[in-house]
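So the structure is just underneath, and the comments pick up after that.
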Amino acid sequence: MTARYPFLALTTAAALGISLATLGSTAQAATEWDMPTPYGDMTFHTVNIREFADDVREATDGELDITVHSNGSLIGHAEIKNSVRRGIVPIGELIMSRLANENAIFEVDSVPYLATGYEDAQSLWEASREIIAEELAAQQLRILFAVPWPPQGIYTQHALEEPDDLKNLSMRAYNTASERIAQLVGAVPTQVEVPDIPTAFSTGRVDAMITSPATGADTKAWDYLSHFNHAQLWLPKNMVIVSDQAFSRLDEATQQAVLDAAAEAETRGWEMSRQETDDALAVLKENGIEVSEPTPELAALLKEVGETMTEEWAGRAGDQGAAILEAYEAARD
Ligand code: PCA
């Protein structure tokens, strides 16, 4: 008998003439959690969180049963955080920088060129984890783990050599940083969720995008564009959050099982992400996408844009941002 159908338990018990006290003492009701993610089944993040759910199920003998709902099918990306906060779902995954409008520290992982490889991204995460966890805790949310996407680059439908090649393009964005970089290179940003990318290109709504080799491969970028510039701008992270309320309802052993599985999911996810960078770049090439590095002209433009965005971010992130940068510099030394 599951917790989702208490009514069934009562009627069955009544029909059988079993007292509620007996039922309460014998029935082992499993807890069922629905877990929305905006991303599709192909994405390594989704594979990773499904493994997390399996680990929890196994460690608790099925006492905590987490069902992952991929592709924004249960709750749209924009609503996931608030849905967890309001108790509509107990747990969910979203991209951390999506919360930049609440506090700029959530987009520290989307500042261009602050951390462009996995080691730096890891140091940056270690430097920012506590402050980010505290901000979420103030909203009765607990961050269980965070895993980066591969480095972000630029997809276009033509060779990208000169800074002017980006002018006036309609560029798909997924957070404020990808929006801002589009503006600063003279393109026009449009927010599009991953599942809607192929349609956005095929209908001409967008003609360029900033994302990872992973998302390009998952959405079969070769069907709608031809070039990927591996600019390695930043490594944005997904995070899995749970509400304090749902977490505190678990018994101690189950809480520990969740925390253990979360720690494993974080380690595994970072490894998967590294591997995915190479694998997805190979898939892009196999399917005819031309992969290149920025030309010196383009690199100069991106560097300048990166400096502007770093200043803007530091201004918005204030003392908390400065503390993160200081810890990050110390960790890198
Ligand atoms: N894929 C997600 C986030 C970053 C990435 O690589 C997206 O494009 O929305």
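The values are calculated or read from the model by the stated rules, or taken from the named source; none is laboratory data. Only a predicted model underlies this, so the values are computations on that prediction, with no experimental measurement involved. Cβ atoms come from the backbone with ideal geometry, glycine included; neighbour counts cover every protein chain shown. Accessible surface is based on the protein model in full, side chains and every heavy atom, while ligands, DNA and RNA are left aside. Shrake-Rupley method; radii C 1.70, N 1.55, O 1.52, S 1.80 Å.
Assorted remarks:
- Helix 252-286 and the longest principal axis of the C-alpha atoms of the chain enclose an angle of approximately 30°.
- Alpha-carbon centroids, segment 36-72 and segment 247-301: separation in whole Å: 15
- Per-residue HN-Hα couplings for segment 60-75 [Karplus 6.51, -1.76, 1.60; θ = phi - 60°; Hz; x = Gly/Pro]: 9, 6, x, 5, 10, 10, 9, 10, 7, 10, 8, 6, x, 6, 8, 9
- Against the chain, whose longest principal axis is taken from its Cα atoms, helix 44-59 shows a tilt of about 20°.
- Under the combined filter of DSSP loop state and at most 12 neighbouring Cβ atoms within 10 Å, segment 109-175 retains these trypsin sites (Lys or Arg not before Pro): Lys167.
- Förster radius 25 Å - calculated FRET efficiency between Glu126 and Glu264, Cβ distance, rounded to 0.05: 0.90
- Global geometry of segment 106-251, whether rounded, prolate or oblate, following the gyration tensor of its Cα atoms and the 1.5 cut on a/c: prolate
- Between the amide H of Leu144 and those of Val240, Ile241, Val242, distances stay under 5 Å, these residues lying 5 or more places away or on another chain, with hydrogens modeled in the peptide plane.
- For the chain, the longest principal axis of the Cα atoms and the long axis of helix 118-137 meet at an angle of about 50 degrees.
- Calculated mean residue ellipticity, 222 nm, the chain: -15500 deg cm²/dmol, from DSSP H runs (n ≥ 4) at -39500 (n - 2.57) each, averaged per residue and rounded to 500.
- Label reach from Arg86 (point 7 Å along Cα→C-beta): in segment 245-260, amide nitrogens under 20 Å belong to 245-247.
- The listed residues Thr308, Thr203, Thr37, once ranked by accessible area (1.4 Å probe) with the largest placed first, stand as Thr203, Thr308, Thr37.
- Close amide H partners of Thr67, meaning residues 5 or more places away or on another chain with modelled amide H under 5 Å apart, are Trp33, Asp34, Met35.
- Segment Val47-Lys167, extension gain: residue separation times 0.36 nm, minus the distance between their alpha carbons: 39.5 nm
- Around the amide H of Val291, modelled in the peptide plane, lie the amide H atoms of Phe228, all under 5 Å away and 5 or more residues distant in sequence or on another chain.
- Candidate lysines - alpha carbon under 30 Å from Lys285, same-chain residues fewer than 8 apart omitted: Lys167, Lys220, Lys237, Lys303
- Bridge type composition, the chain - antiparallel percent by DSSP, nearest 5: 55
- To the nearest 10, the accessible area of Ser123 is 20 Å² with a 1.4 Å probe.
- Computed over the chain, the P(r) curve from all C-alpha pair distances, binned at 10 Å from the origin, holds 6, 25, 31, 21, 10, 5, 2, 0, 0 percent per bin.
- Whichever aspartates and glutamates have a C-alpha closer than 17 Å to that of Lys81, once near sequence neighbours (fewer than 8 apart) are set aside: Asp34, Glu93, Glu102, Glu107, Glu134, Glu135, Glu193, Asp244
- Computed E for Gln140/Asp319 - FRET, C-beta separation, R0 30 angstrom, nearest 0.05: 0.80
- The label-point distance for Ala78 and Glu193, in a model that sets each label 7 Å from Cα toward Cβ, rounds to 1.0 nm.
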